[in-house]
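Student: Take a look at this one; I'll ask things after.
Just so it is clear, none of the values below were taken in a lab; they were calculated from the coordinates. In this text, all values refer to a predicted model and were calculated from it rather than measured experimentally. Using ideal geometry, Cβ is built from the backbone for each residue, glycine included, and neighbour counts are taken over all protein chains shown.
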Amino acid sequence: MSNTAAPFGFRATRRIDGAAPNYAMMPARLIAQAATFVAGFGDVMQSLSTGYLSLCASTATQAQGIFQGCQYYDTVGQQWRFTNYLPGTQSTNSDYTAFSISDVKQVFEVQSNGAAITTPQIALNATFVTASNGAPNTYSGISTCALDPATVSTNSAFQFTIVGLGQSVGNDNTSSFNTVEVILNNADFNIRTGV
């Protein structure tokens with residue numbers, strides 16, 4: 001059975017050490033009020049030298065974590081809003097509080113962007129690609145990121161390490177667009193050189 005190209009970003013599944021996952025999010029990081037980018041649930045984030053978060057470029061050598069939503073004060077509706085995606089410029093008078101999973105032991109399921117990623121590639125590193133210029137699904141707000149099979153290698157500068165093949169029902173690990181399990185490789189909390 002062949003797989004369908006339907007990327008969903010990085011979806012938290014379990015912990016690599018076998019401990020019970022609590023999907024702990026880091027709520028103390030901010031996205032600048034002036035930010036105009038759109039971030040989907042499951043997008044890769046990176047820390048900026050300003051202290052703020054932004055979307056991670058696939059060429060970046062360090063990721064902060066996986067975006068899980070944000071909170072901001074809506075000056076039009078006069079209320080605090082939580083949304084699972086950052087919809088771009090909003091009517092707010094303060095920075096966005098971003099929630100992300102930055103646990104380096106958290107396993108994420110992600111779809112390959114093309115060729116099947118197979119058993120011999122477990123323990124190798126890879127980077128990611130963004131579909132539709134990084135824009136999330138317009139209906140659900142879910143990321144359209146996928147793992148780039150063309151980058152699977154021993155390159156230690158890549159953001160992710162493959163730790164297993166996808167176990168979801170209907171996933172064919174011998175066909176293109178299969179799903180795999182990854183952990184953060186180069187991330188803020190396992191790189192000690194700073195941003």
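Student: What is the spread of the Cα atoms of region 1-140 along each of their three principal axes, largest first, in whole Å?
Tutor: Rounded to whole Å, the extents work out to 52, 32, 28 Å.
Student: GNM, the chain, Cα, under 10 Å: largest mean-square fluctuation among Thr75, Thr61, Thr83?
Tutor: Thr75
Student: I'd like to compare 62-68, 103-109: which one has the highest average count of other Cβ atoms within 10 Å, and what's the full order after that? Kindly include the intermediate steps, with their values, before the conclusion.
Tutor: Working: 62-68: 25.1, 103-109: 19.9.
The most tightly packed comes first, giving 62-68, 103-109.
Student: Efficiency by 1/(1 + (r/R0)^6): what FRET value for Thr59 and Asp172, r their Cβ-Cβ distance, R0 = 25 Å, to the nearest 0.05?
Tutor: Values: r = 30 Å, r/R0 = 1.21.
E(calc), rounded to 0.05, equals 0.25.
Student: Springs between alpha-carbon atoms under 10 Å, Gaussian network over the chain: tell me which of Asn93, Asn84, Asn113 tops the mean-square fluctuations.
Tutor: Asn93
Student: While we're here: Along each of its three principal axes, how wide is the spread of alpha-carbon positions in region 96-195, in whole angstrom units, largest first?
Tutor: 38, 36, 23
Student: I want to check the label-to-label distance for Gln79 and Ala123. Put each point 7 Å from Cα in the C-beta direction and report it in nm to one decimal.
Tutor: If labels sit at Gln79 and Ala123, their model points lie 5.3 nm apart.
Student: Let me ask another. From Cα pairs below 8 angstrom and at least 6 apart in sequence, can you work out the relative contact order of region 26-101, rounded to a whole percent?
Tutor: In percent, rounded to a whole number, it is 42.
Student: Something else now. Relative contact order for the chain: what percent, with Cα pairs under 8 Å and sequence separation of 6 or more?
Tutor: With pairs under 8 Å counted, the relative contact order is 28 percent.
Student: Something else now. How would you order 121-128, 7-14 from highest to lowest mean count of nearby Cβ atoms within 10 Å?
Tutor: Listed from highest to lowest mean packing, they are 7-14, 121-128.
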